[in-house]
Amino acid sequence: MNLGPCPRTPGFWQNMKNGGSFWDGVSGNEKHAGEHDFPDGELLYAVDSNHDGVINGSDKAGLLIGDWNKNGITDAGEDTLFVSYADARTLINASNKQLTGASGDGKFMLGRDMVASWLNYEMGAGFGDASDPASPTSYLQDAINFMQIYAGKTAGGLNETFDEFVLSGPIKASSNLWKQVQNGVHHSGAQLHAALDYYNNTGMTSPGGTLYANCGDAFDQAVAIYEAAHHTGTATMAALSSTKLAPTTTTTTTTTTTSSGVHAPALSTSYFHATTDFGQSFELGSMQHLSSYDLI
Ligand SMILES: [Ca+2]
Ligand SMILES: [Ca+2]
Ligand SMILES: [Ca+2]
Ligand SMILES: [Ca+2]
């Protein structure tokens, strides 16, 4: 598996003074370009947004998610979702209300994950392989299908290989469309959101799962911040890599404070408890949370 740099969070990609400058279409204004866990430079590139096979003046700026060879074209074998630059910025800037609980809108929840995940892929962060159903590659491809079918411009059935994302018209987090696996996809919207959000924060798609990127210090930092927010013990990278979680699930009510100071409302969430080789118990994330917690 090709491990790249550690993925960055939606909050990083949102901040115009930080990650946001790496995909604003302006080359040369990126601070820390080429440094550890930063992209080498500007990531926004010209794409065939109208799917006519050529890139020219009639195309819009945006992200062609699933353009794995990054040539701007949906080649044979690729299956893409175009998200306009304006929509991508709106998604990454989503409010807590749009991302949380009963008021949540799945288009914002998953769309924000996808924008961040795609930028992480463009940066070169480890993304696993399509043959691994738990890899970020597989989850993002399934999310592309979900959005093509249930949030796309064209009513193209279940087997489209291109569509344009449409932001209007919410997918309520309380709806079956979000909570249950739909035709044409392998996971529910909620599952896709949980996996991609977890990846963007940790480099894994589930607690205790495969680490797909070289996270190292950043991962330690992420776990430390998460634990500090939850008043739990300390787990080290070594402990995590030597101890596969055998999760037992308990339900607890907590208040999540993110590193950016965003305060999420109290959520009733399930945490995965495990005991490390060091005899310390720790909690690592929740696959049932509805909000993005942006650890680093
Ligand atoms: Ca830039
Ligand atoms: Ca075109
Ligand atoms: Ca391509
Ligand atoms: Ca498709």
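Values quoted throughout were computed directly from the atomic coordinates according to the rules given, and no laboratory measurement underlies them. Here the structure is a predicted model, which is why all the values come from computation and not from measurement. All Cβ positions, even for glycine, are placed from backbone atoms using ideal geometry, and neighbour counts span all protein chains on display.
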Computed lengthening from residue 132 to residue 181, 0.36 nm per intervening residue step minus Cα-Cα distance:
15.7 nm
If you plug each phi of region 144-153 into the Karplus form 6.51 cos²θ - 1.76 cosθ + 1.60 with θ = phi - 60°, what whole-Hz ³J(HN,Hα) values come out, in order, with x for Gly and Pro?
4, 4, 4, 5, 4, 7, 10, 9, x, 6
Given a Förster distance of 25 Å, report the FRET efficiency between residue 95 and residue 158 from their Cβ-Cβ distance, rounded to the nearest 0.05.
0.20
How are the C-alpha pair distances of region 158-199 spread across 10 Å bins, as whole percents from the shortest bin up?
25, 51, 24
For residue 214, the residues 5 or more places away or on another chain with a placed amide H closer than 5 Å to its own amide H are 4, 6, 126
Less than 11 Å from a label point 7 Å out along the Cα-to-Cβ axis of residue 61: which backbone N atoms in region 7-45 qualify, by residue?
23-27, 44-45
Working out 0.36 nm times the residue gap between residue 52 and residue 40, then minus their Cα-Cα distance, what length gain in nm do you get to one decimal?
1.3 nm
By per-residue mean of other Cβ atoms within 10 Å, what is the highest-first order of 8-18, 170-180?
8-18, 170-180
Calculate the FRET efficiency for residue 75 and residue 33 from the Cβ-Cβ distance with a Förster distance of 25 Å, rounded to the nearest 0.05.
0.35
For region 25-72: relative contact order, % (alpha-carbon pairs under 8 angstrom, 6 or more apart):
28 percent
Along the principal axes of its C-alpha atoms, what lengths does region 87-198 span, in descending order and rounded to whole Å?
34, 30, 23
Report, in listed order, any pair from 97/179; 31/70; 70/107; 60/172; 70/172; 70/153 with a Cα-Cα distance greater than 26 Å.
60/172; 70/172
With a ≥ b ≥ c the root eigenvalues of the C-alpha gyration tensor of region 10-225, is it rounded (a/c under 1.5), prolate (a/b larger than b/c) or oblate?
rounded
Peptides 106-117, 59-70, 199-210 ordered by average Cβ neighbours within 10 Å, highest first
106-117, 199-210, 59-70
Can you check what the net charge comes to around residue 98, using other residues whose Cβ is under 12 Å from the Cβ of residue 98 (Lys, Arg +1; Asp, Glu -1)?
+3
Relative contact order for region 10-225 using alpha-carbon pairs under 8 Å, separation at least 6, rounded to a whole percent?
16 percent
